[in-house]
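S.K.: Here you go, one structure.
The values are calculated or read from the model by the stated rules, or taken from the named source; none is laboratory data. Quantities reported herein were computed from a predicted structural model and do not represent experimental measurements. Note that we place each Cβ from the backbone using ideal geometry, even for glycine, and neighbour counts take in every protein chain shown. Areas reflect the complete protein model, heavy atoms only, side chains present, ligands, DNA and RNA absent. Shrake-Rupley method; radii C 1.70, N 1.55, O 1.52, S 1.80 Å.
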Amino acid sequence: MKEIKATWAALHGEGMRLELSCEIEGQERYFASFLADEADDTLFFEMAVSGSSVRVPVAQLESLIADAKREVHSESWYDKNPAGGDDA
């Protein structure tokens, strides 16, 4: 697992964003950031994907993370917890 580095950065001299990066092939590379919308200050998680960016509202991301915590398991978990088993 790669170590994620978080760096605060000024956004156009006014707002702030939290940029995430990690070392890839010997170089520190940016891959995502948290930023606020200028219009209403909605918080977004923005990812770099194939030369473009994808923005996800943090509220939606939090909901997706909660779902993932409940429902995403490894194959070995399913081996130990057959269908109908307790997922706690």
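S.K.: Six or more apart or on different chains, Cβ atoms under 9 Å: show the pairs whose first residue is in region 35-61 and over 15 Å from GLY15 (Cα atoms) and whose second is among the acidic types (Asp, Glu) and at pLDDT 95 or above.
M.R.: SER53/GLU46; VAL54/GLU46; ARG55/GLU46; VAL56/GLU46
S.K.: Just name the residue that is least open to solvent (accessible area, probe 1.4 Å) out of those in region 35-88 that are among the β-branched types (Val, Ile, Thr) and either assigned to a strand (DSSP E or B) or modelled with pLDDT under 90 (or both).
M.R.: Filtering first and then ranking leaves VAL56.
S.K.: Okay, next question. Could you list all residues from region 2-34 that are among the β-branched types (Val, Ile, Thr) and either outside any strand (DSSP E or B) or surrounded by fewer than 10 Cβ atoms within 10 Å (Cβ to Cβ) (or both)?
M.R.: Answer for region 2-34, where residues must be among the β-branched types (Val, Ile, Thr) and either outside any strand (DSSP E or B) or surrounded by fewer than 10 Cβ atoms within 10 Å (Cβ to Cβ) (or both): just ILE4.
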